[in-house]
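Notes follow the structure.
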Amino acid sequence: MLLIRCPYCGERAEVEFSNGGEAHIDRPRDPMSLTDEEWAQYLYMRDNPKGLIAERWRHAHGCNRFFNAIRDTRTDRFVVTYEIGQPRPEVTPEQAAEAAR
Amino acid sequence: MSDVSVSNSLAVSRAGFTATPLKGGRRFALQGRKDTLEGAAKAFGLSEAPGMLASAAAGDCTLLRLAPQELFIITGDAGLPEAVTTYLGTVPNSLVEVSERQIGWTLEGEKLRDTLAALSPLDMRERSFPVGMVTRTLFGKADGMVWRTGMDTFHLEVWRSFGPYMSSMMDAAALDAAW
Ligand SMILES: [Zn+2]
């Protein structure tokens, strides 16, 4: 069973959560000044890394809150979870190595 | 939770485990910012709102902290005290009565622990799930709320349409536990 640490409830089974896509994507302040390409970039283009990714998750069958997480897409190991609004945390090489294991 | 619609057929009774349908009382979901929840707790006569996943009793009402922004409130048939509704009329919040949505049971018996273990991966032993703790979680496919009301009793609620499903899940879990 894969455990995910909700910042509010603690470690819970993965089935309680739903993925909310890539995190830290800010809506452009002035959409009218953007080209179609730039707007499409904001709307549709996402990273698809083989390795660490910052994602939004929601504790859907728990506190219902969104939070952010850094996960290794190869192993599904979570490095850290953190509250919405906080900057993406630094990941140490040791943490990255552990997540890739 | 109106009595007429709580069917006795949802009761579970096995060797070492019983789930007795709850009758009466009303349910409210209150969502708001921290200050709003604290203010509501004061209007209930409490010094502060219960912390995350904790509960507090105020008269015949119980406040259950299911989320940072959410209090689930179980009341008697009279509903919320006037002081609370008066206070909530003065601040932004979302208050929804969900009495008819909920269906619940009191769980007890010497096989309670094993039955719960068969229903949920949560560690519901005393050390990690003390008396008074509450949380929403999944029971099979049913989203529900489990609250430890005593060393040997739990209170479980799910949405009404999950009632027969939850009842048969508990029945199967109790059979497993008794094995
Ligand atoms: Zn949570």
Furthest towards positive pole of dipole, B:M145, B:G24, B:L116, structure part the protein assembly as shown, Cβ charges: B:L116
Apportionment of accessible area to carbon and sulfur, segment A:3-100, percent (1.4 Å): 46 percent
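Under a 1.4 angstrom probe, counting protein chains only, how are B:V91, B:V84 ranked by accessible area, largest first?
B:V91, B:V84
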Lysine pairs within segment B:1-151, Cα separation less than 28 Å, 8 or more sequence positions apart or different chains: 5
Cβ-isolated cysteines (cut-off 4.7 Å), the protein assembly as shown: A:C63, B:C61
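How would A:C9, A:C63 rank on accessible area, largest to smallest, probe 1.4 Å?
Output order, biggest surface exposure first: A:C9, A:C63.
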Reference-scaled alpha-carbon Rg (2.2 N^0.38 Å with N residues) for the protein assembly as shown: 1.16
Exposure of A:D30 as accessible area (Å², to 10), given a probe of 1.4 Å and all protein chains: 80 Å²
Listing of segment B:136-151 residues, each with accessible area lower by at least 20 Å² in the full protein assembly than in the chain alone (probe 1.4 Å): B:R136, B:T137, B:L138, B:D143
Dipole-positive endmost among B:P68, B:V158, B:P50 within the protein assembly as shown (Cβ charges, Cα centre): B:V158
Coil-residue GluC sites (Glu not before Pro) of segment B:83-179, DSSP, other Cβ within 10 Å capped at 13: B:E100, B:E110, B:E126
Solvent accessible area, Å² - B:S168, 1.4 Å probe, full protein context: 70 Å²
Protein accessible surface hidden between B and A, which excludes ligands and nucleic acids, total in Å², probe 1.4 Å: 1000 Å²
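Magnitude of the Cβ-charge dipole of segment B:46-179, K/R +1 and D/E -1, about the Cα centre, nearest 20 debye?
The calculated dipole for segment B:46-179 is roughly 340 debye.
If the convex hull of the alpha-carbon atoms of segment A:31-96 is projected onto planes in all directions, what is the mean projected area in square nanometres?
6.4 nm²
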Trypsin sites (Lys or Arg not before Pro) lying in DSSP loop within segment B:32-132, provided at most 10 other Cβ fall within 10 Å: B:R127
Inter-part distance where segment B:71-132 and segment A:1-74 are each reduced to a Cα centre, Å: 30 Å
With every protein chain in place, chain B: carbon and sulfur % of accessible area (1.4 Å): 55 percent
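The values are calculated or read from the model by the stated rules, or taken from the named source; none is laboratory data. This structure is a prediction, so every number in the text was calculated from the model and none was measured. A quick note on method: Cβ atoms are made from the backbone with ideal geometry, for glycine too, and the neighbour counts reach across all protein chains shown. Remember, those area values only see protein heavy atoms, side chains included, never the ligands or the DNA or RNA. Shrake-Rupley method; radii C 1.70, N 1.55, O 1.52, S 1.80 Å.
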